[in-house]
Amino acid sequence: MSDDRRRAVVAGLVTALVGFSSTFAVVLAGLRTVGATREQAASGLLALCVAQGVGMVWLSRRHRMPVTLAWSTPGAALLAGATAVHGGWPAAVGAFAVTGLLLAASGLWPLLGALVARIPASVAQAMLAGVLLPLCVAPVHGLTVSPAVVAPVVVVWVVLTRCAPRWATPAALVLALGLVALSATTGWLAPPGHDVAAADLVPRLVWTTPTLTWQAVVGLAVPLFVVTTASQNVPGAAVMASFGYRVPWRGTLGWTGAATALGAPFGAHAVNLAAITAALAAGPDAGRDPARRWRAATTAGWAYLVLAVASGAVAALVAAAPAGLVESAAGLALLGTLGAALTGALRDERGRASAVVTFVVAASGVTVGGIGAAFWALAAGVVLHALWRPRTDAPRHDEDVSRTDHDPPRTADAPVPSAEDARCDTVLFDLGQVLVGWDPRGALAGAPGVSASELDAFLGGPFVDLNRRLDRAPTWDALRADVTRSAPEHVALMDWYVARFPAALRGPVPGTPELVAELRERGVRLVGLTNWSGDLFRHAVPAAPAIGLLEGVVVSGHEGVAKPDPAMFRVAVDRFGLVPARTVFVDDAAANVEAAAALGFRAVRFTGATDLRATLADLGLVEGAP
């Protein structure tokens, strides 16, 4: 076996072992909370392993890309923090199936994923944090209920978090299972009536006929879809992009959505792109040649199919665990997720108040009208974020936006931050040729009856004006009649261009996915401002998933105005509550950069990711180049 193949196999095995062992307890706890019996929960774990395993083998071999799948850990945490589902376990299963259909639809209809992306990141993260909090305090309670078995697990987790962070949670869970096995064989601290029989160790699928209740759909399926999309699929695609892979969005979301819907009657709650473990199979540890790292994902898929055989035994041991042991191990597994969610919820002081309310409502665990706290938290957060969005720092449309925070205040009641307070905390990205490559020739190639010279003439002249007009239009159909009157000779070519527009997008601009991920990790606020037709913008995130990590994007086609018009910048200032002097604006067009600079932004002309990193490093936003 060659060194590269060996590294891919090892990386695949590690991917599967870390993914399975880190959070299987959360999955079982979540399924039991929403009404599953021990057998049904074991069936759900089995169905998830099979769906992930088959999906990874198929997708990685088909696309020759290390596409890794996972169950939705945030989704499982959502289930574990839920109250009783209206309609019981069959209604929960019905909600899982609806979630699968929504996931598949977001692949076929990117606008659905874009709608989720419009939910303020602080609100989505606060909801997740509120759901996680009751689960993460379990180790504290466990130390008081069963200190003899919980304390060793906590100690192992603490020590390995310092020495080998990747293995801290898996080791804690493996130790917990070992203590459970000891308890089951010796009777030590074993709960009464939970003996493990040989038949319990055999994996088997248990069918549950789904039922639909509106309470379960609204209170369970919708939040499950939101957290899976926002916390798994979009970050997972961004992680892949950071290693140079463009995830086949439609095919992958179609598979995971179908797998979720078909697996739901057997207890599978949600299958999605892996986020954290994706880096294990897509990174250099999986081999020097990126074109051959798909073997790591294939190996991980086969490993999950092997682990599926152990699902029955794992579920049986968890059911026989001493009080508080498995809950404590699951709580330890989720502490990192809780920390990341709290950071994301509170990093932006402009949306902090609505995020805190979202967090409190989600953590309350209340049920109103048969709908759980997660939905009400999301609804409250979105509404309050809109109502409380700060306006004090945002200039009105009739103000002189060119005034910076260094200028003296206009009145004694309007103090202005000092130079030290004007440290940049936000990056406003242009999209085309900055985060996503764009070349109209890709869409126009092969246009019938058009020679190469005619295409060059069209691109160098009429297309420039037509594209500017298209950027200001909500759809091509809204503009087409006007173009038919003013320039009928160009309608056919523009029809061809719009119909084949995805071919004009060349994927992520090299180096920018890593920059976006690093900026987000460091707590920098990220938003977008793009000249793009409203209807065609649905193709942006599939072409460059890092765009999905932005808090929001102002799209010219939705506003009827485009850069370099100052009104376009004012829309972004108002919508996101931006302070121009604390905002870095990045664009590849000189006219747009000059317009932004005149309005007080820290404007940067984009010439490549390396130069941009150097500029952002000078501002203290990222690390400099090694």
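In table form, for the structure just shown:
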quantity: Residue-normalised accessible area of the chain, expressed per residue, 1.4 Å probe, Å²; calculated: 40 Å²
quantity: Accessible surface of the stretch 261-385, 1.4 Å probe, proportion on carbon and sulfur as whole %; calculated: 72 percent
quantity: The stretch 3-345, relative contact order [Cα under 8 Å, separation at least 6], %; calculated: 43 percent
quantity: Most positive-pole-ward Cα, A595, A270, L619, against dipole of the chain from beta carbon charges; calculated: A270
quantity: Environment charge at A25 (Cβ cut-off 14 Å; Lys +1, Arg +1, Asp -1, Glu -1); calculated: +1
quantity: Rg/Rh (Cα only; Kirkwood hydrodynamic radius) as it applies to the stretch 218-362; calculated: 1.00
quantity: Rounded tilt (10° steps) of 88-108 against the dominant C-alpha axis of the chain; calculated: 30 degrees
quantity: FRET efficiency estimate (nearest 0.05) - Cβ-Cβ, R6 to S453, R0 35 angstrom; calculated: 0.05
quantity: When the convex hull of its Cα atoms is projected in every direction, mean area for the stretch 1-151 (nm²); calculated: 12.6 nm²
quantity: Given charges at beta-carbon only (K, R positive; D, E negative), |dipole| of the chain in Debye; calculated: 1380 debye
quantity: Length released on extending from R468 to V145, taking residue separation times 0.36 nm less the Cα-Cα span; calculated: 109.6 nm
quantity: For the chain, share of DSSP beta bridges that run antiparallel, in % to the nearest 5; calculated: 25 percent
quantity: Average Cα contact separation per residue, the chain, under 8 Å, 6 or more apart, as relative contact order %; calculated: 21 percent
quantity: Folded to 0 to 90 degrees: helix 121-136 orientation relative to the chain principal axis, Cα; calculated: 10 degrees
quantity: Accessible area of the stretch 420-625 belonging to carbon and sulfur atoms, whole % at 1.4 Å probe; calculated: 51 percent
quantity: Kirkwood-type radius of the stretch 420-625, with distances r between different C-alpha atoms, in Å; calculated: 17.7 Å
quantity: Antiparallel %, DSSP beta bridges [both residues in the stretch 420-625], to 5; calculated: 10 percent
quantity: Where trypsin sites (Lys or Arg not before Pro) in DSSP loops with at most 16 other Cβ within 10 Å are excluded, longest remaining stretch of the chain; calculated: 523-626
quantity: Estimated distance in nm for a label pair at E594 and A614, the labels positioned 7 Å out from Cα along Cα-to-Cβ; calculated: 2.4 nm
quantity: Rotationally averaged projected area of the chain (alpha carbon convex hull; nm²); calculated: 31.4 nm²
quantity: Dimensionless Rg/Rh of the stretch 3-345 - Kirkwood Rh, Rg from C-alpha atoms; calculated: 0.95
quantity: Charge sum, other residues only, whose C-beta stays under 10 Å from R293's C-beta, Lys/Arg counted +1 and Asp/Glu -1; calculated: +2
quantity: In nm, spacing of pseudo-spin labels at D289 and E623 (7 Å Cα→C-beta vector); calculated: 3.0 nm
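The values are calculated or read from the model by the stated rules, or taken from the named source; none is laboratory data. Since the structure is predicted, the reported quantities are computational estimates derived from the model, not experimental observations. Heads up, the Cβs are rebuilt from the backbone with ideal geometry, glycines too, and the neighbour counts pull from every protein chain shown. Ligands, DNA and RNA are stripped out before the accessible areas are found, and what is left, the full protein with its side chains, is counted by its heavy atoms. Shrake-Rupley method; radii C 1.70, N 1.55, O 1.52, S 1.80 Å.
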